[in-house]
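What follows is one structure encoded as structure tokens, with my remarks underneath.
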Amino acid sequence: MRQLLRPLAVVVAVATLGACGPKQAFRLSSDENNAYALREALASRQLPASPTPTNTSKQPRVFVLTAGSPKTIVAYDLAAGNVLWKADADVQSRIFVGGDFIVALEGKQIVARDQGRGAPRWKVDVDGTFIGVAADAERVYVVNRDGNTWWLSAYAGSSGAELWSADAAGQLGAPAAHGGVVYAPFLAQWLTIVDGRTGKTLTRLRGIDEQISTLRVTSQVAYYGSKQGMFRLDERSASGKRAEATYGQVKIPVHLERTTYGRDAYDPIQQSYTAADRARVLWSSEATTEGPMKLTDDGYAIHYFRYVLGFGNDGELRWAYSHPRVELVASEHTGYVIAGVAANGDVVAIEPRTGAVRARKSLGTTAPVLGATFDADGWAPSSAPEPVDTVGALVTIVRDRDARFDRVKELAAGALAKLPGAQVTSELLAVLADPRAPVRLKDTVVDLLVARRDPASLGVLTQQLAIKTDYLAQTEPDALAAVAKAIAGLATTALDPAQVTAALAALQEHLDAPNTSSPDLVHVIAAMAAIGGGAERAALASHLLLYHADEDRGSDPAWQKAIVDGLTAKPGPQERVVLRYVAQDARSKPGLATMIQAAIGPD
Amino acid sequence: MTHARWLWVGLALAIVGAPTHATGQPAKKGAAKKAEVPREVITALGSADLEAAAKAAEQLGANPLAGAHDALLDALALGLPPAVAVPAITGLALHPAPPDVLALRRYAGHANPSVRSAAITELAGYPDPTAHGAVVAGLRDPVGMVRNAAATAAGRGRVKVAIEPMMQLLAKGEEASARGLAQLADPDLSRKLADQLGKVPDATLVVALGTILKRADFGPDAVKVEIVRAIGKIQDPSAVNALTDYIDATPKMPVRTSRQEAMLIVEARLGGK
């Protein structure tokens, strides 16, 4: 709906702007994509040389909002692992961090609090509708809508004194700020860069082939873009085009469909902490002068509820982290780690390149965490990284009982299947054995097992065959067809002869078992023929003879094809004798003789 | 020799029509030559006329000649439809020989429950651990008819390794296992069965204990007394019937304590009626 309304908003804005004259700061016709002005604007920013927190103490902090009546702000020192303070507050927006203050919408007012103690420092009323707020080290920037006019206003972080305001007859989105400039998205098409000190428009960018609805600002870099991708703000942004700017699009697996690059500046819901914060692309990038955006370490991560998944630029999963029991409600790439806060107050720092956990802390809160704002750019915990357990994490994801994550489980199973080793095969088989696993996931796992072709898995697959129909033990074979197909898939790999012998014996037990269903039997026969190398022929011949005149099994075309294929792939003299006997036996079921004759030809 | 190797040898010889002599069965004293087995019967066994084939299987089973037995083995090796396999299996076991076990085990895993019931039933009669293993496997079969056949066969064949799974089936209320266990029971097993009160459906336990009482070969009487008392503790009406049956089936003289105990319990249970 929003997408549909935006063109309308533009039209309305055009009409309204025409009536209001040139006084407005945000206008439809204005200088834009001006390389010189952009260069000047960028140069005017006061940004640190390395990733650094905004707060004047330059300590990595996180400001957490917990549920309750009233809600509570918890200020937490990430480096020291201490709660700095807690304060009850009716917070209705996200929290933004300045130099020595934090700011948020509390009730109907913008309230700045002393960052050292949490006490309210100043409050200002918001006229009309609150759109968004932002802060840099010294100032607070507020966007509100009053009637048909949107306002961007600046207040001194120290006193709340209004410094300036600029109006717009078209829709302004929630702003972002750093280093003395404020970024104001305008009508989803422009990004206006305003001098935070004076309110003067420094320049503005127009997205020629990309909407501008999402902003992400770190201590050093500003990103802007949309759900499609993000631009790194630099001199090349003046082109306004993806191909000529520092633009990046990561591969977001379809299984993580809710993932976005950041909050939508035009969505009022996302100006507070929401579930949208739990599905984010997390990245950092390096400055470049040509080509697309260069992601640090050639990879990125996706925070998806309780999981964080690391990917390479090619979209291949590199690592996985699964947070125990509860979801991560907020996350941020600090440049060196991915920091996350869980619903239960756990804080975790993850190495972006490897997925190793670098730090675990706890806020010690009992109330559920609603959301959090990190001011932790450059935070790099000094503790040694924990061993990476991607297999364990993927297994945890696959086994997750939460039905919301069924697609994620498919993704994890797919990633798991690409890893070598018998343990992985065991875990995949465990999915098939789990009666509560979704059918679609099981189907995925079957396909993955077949495609896996990991010779080290033969032993595990054989073990799986040990489960048989047993009335007393109340057992049934688990995924017999899938296991047989997976074994057949190993035919072209180098297999341990002893393991092949064991696998053949296990398969033959199912071949000879009375309760093996015909569909399963077809795959068992195919598996034996695939890996047997001739050792399976006696068993298959015996099976053919046993059932060639049987009314039920012998008449099943699928079984007929499987057994004939199995015996005629490379028939030796003995197989030919048996096949000819069956082909000539008057008791053989219709179709079987014809199939054999077609396979081995006339005498 | 493994199943597979035996199969290849047997099949190759059977298909080309040579005598297998696979039975290892010595020619019967005074028996006629193999040629005396009617050729037309052997031919009928392999015909598409299932009724005629089944009749031929019965005839060959009744024939004591080694050639008849070999003909059945050959036919089973080459595969018989269920309607013919059942009489062939039964006929084969009328003159048991060690090589039968491999053939019967193959049919003990047949998809048709009647066929595997027949094979399991006959396997219990062979003093071969692998044959008994197939009987035990039959006790785990999901088809009740096959489990019943296995339990009955285990009792008849005194297959001791079947006791434990049959105890599990007893707990599930399967009467065939109750009767089979009764056939297998010695004093120790009978006491173990008597201890199952509360763990096994009452009526099923009565079947097991009542069947033991009926066994003429079971004793001494002191153990029967224990069984009578165990039955007396069972509240199911079938308990009184079992004791009554025992009283009726046991002569008054010589006096047996177990019978007297049974009479006292029945009088007490039926008192006032």
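In a solvent-free Debye calculation with one equal scatterer on each Cα, what is log10 I(q)/I(0) for region A:252-332 at q = 0.17, 0.19, 0.27 Å⁻¹, listed in the order of the q values? Log-scaled intensity ratios, in q order: -0.73, -0.87, -1.30.
For region A:505-603, the equivalent ellipsoid built from the Cα gyration tensor has semi-axes of 19, 16, 11 Å, listed from largest to smallest.
For chain B, the longest principal axis of the alpha carbon atoms and the long axis of helix B:3-16 meet at an angle near 50°. Within the same chain, lysines fewer than 8 places from A:K200 are excluded, and of the rest, those with a Cα less than 22 Å from its Cα are A:K23. For region A:548-603, the convex hull spanned by the alpha carbon atoms encloses 65 Å³ per residue. Rounded to the nearest 20 debye, the dipole size of region A:455-603 about its Cα centre is 420 debye, using +1 on the Cβ of Lys and Arg and -1 on the Cβ of Asp and Glu.
Over region A:380-485, the ratio between the Cα radius of gyration and 2.2 N^0.38 Å evaluates to 1.18.
Global dimensions of the protein assembly as shown from alpha-carbon coordinates: Rg and Dmax equal 41.3, 130 Å.
For region A:155-259, what percent of Cα pairs sit more than 17 Å apart? Pairs farther apart than 17 Å: 55 percent. Evaluated with a Cβ-only charge set (Lys, Arg +1; Asp, Glu -1), region A:199-266 carries a dipole of roughly 120 debye about its Cα centre, given to the nearest 20. If I take all pairs of Cα atoms in region B:156-273, what percentage of them are more than 23 Å from each other? Summing the P(r) of region B:156-273 above 23 Å gives 24 percent of all pairs.
Using +1 at the Cβ of each Lys and Arg and -1 at the Cβ of each Asp and Glu in the protein assembly as shown, identify which of A:T396, B:A182, B:A66 lies farthest towards the dipole's positive end. It is B:A182, whose Cα lies furthest towards the positive end.
The sum of -39500 (n - 2.57) across all DSSP H runs of n ≥ 4, divided by the residue count of chain A, sets its helix-only mean residue ellipticity at 222 nm to -8500 deg cm²/dmol. Using the Stokes-Einstein relation with a Kirkwood hydrodynamic radius computed over Cα pairs, the translational diffusion coefficient of chain B at 10 °C and a viscosity of 1.306 mPa s comes to 77 µm²/s. Peptide A:578-590 shows a mean partner chain C-beta count of 3 within 10 Å per residue C-beta. Plainly put, region A:444-486 has a radius of gyration that is 1.04 times its Kirkwood radius, both from alpha-carbon atoms, as the Rg/Rh ratio. Fewest neighbouring Cβ atoms within 10 Å first, the residues A:D209, A:D167 line up as A:D209, A:D167. Each Cα pair under 8 Å and six or more residues apart adds its sequence gap; the mean of these over the residue count of chain A is a relative contact order of 9 percent. Counting only Cβ charges, +1 for Lys and Arg and -1 for Asp and Glu, the dipole size of chain A around its Cα centre is about 1140 debye.
Ordering A:A80, A:F26, A:Q574 by the projection of their Cα atoms onto the charge dipole of the protein assembly as shown, which places +1 on the Cβ of Lys and Arg and -1 on the Cβ of Asp and Glu, puts A:A80 at the extreme positive end.
Each of the peptides A:452-461, B:206-215, A:49-58, A:432-441 was scored by the mean count of other Cβ atoms within 10 Å over its residues; in descending order, highest first, they stand as B:206-215, A:452-461, A:49-58, A:432-441. For the segment A:539-551, counting C-beta atoms of other chains within 10 Å of every residue's C-beta and taking the mean gives 6. Over region A:172-262, calculate the relative contact order: mean separation of alpha carbon pairs under 8 Å at least 6 apart, over the residue count, as a percent. Result for region A:172-262 is 19 percent. Mean per-residue shielding of peptide A:472-482 is 2, counting Cβ atoms of other chains within 10 Å of each Cβ.
Spatially, region A:50-123 and region A:408-449 are offset by 43 Å when compared through their Cα centroids. For region A:77-123, the Kirkwood estimate of the hydrodynamic radius, built from every pair of different alpha carbons, is 11.0 Å.
Computed over Cα pairs, the Kirkwood radius of region A:349-436 leads via Stokes-Einstein (0.890 mPa s, 25 °C) to a diffusion coefficient of 157 µm² per second. Pairs exceeding a 26 Å alpha-carbon distance, out of A:K86/A:K361; A:K485/A:K561; B:K192/B:K233; A:K468/B:K214; A:K561/B:K55: A:K468/B:K214; A:K561/B:K55.
Hull volume per residue, based on the alpha-carbon atoms of region B:123-164 and their convex hull, is 53 Å³. The Cα center of region A:483-550 and the Cα center of region A:301-350 differ in position by 44 Å.
Using the Cα centre of chain B as origin and beta-carbon charges of +1 (Lys, Arg) and -1 (Asp, Glu), tell me which of B:M167, B:A150, B:G79 is placed farthest towards the positive end of the dipole. Of B:M167, B:A150, B:G79, it is B:M167.
Kindly express, to the nearest 10 degrees and within the range 0 to 90, the angle between helix B:113-123's C-alpha long axis and the longest C-alpha principal axis of chain B. The angle comes out near 80 degrees.
Pairwise alpha-carbon distances in region A:27-152 exceed 24 Å for 40% of all pairs.
Values quoted throughout were computed directly from the atomic coordinates according to the rules given, and no laboratory measurement underlies them. All values reported here derive from a predicted model rather than from experimental measurement. Because the Cβ atoms are built from the backbone with ideal geometry, glycine has one as well, and the counts that use them run over all protein chains shown.
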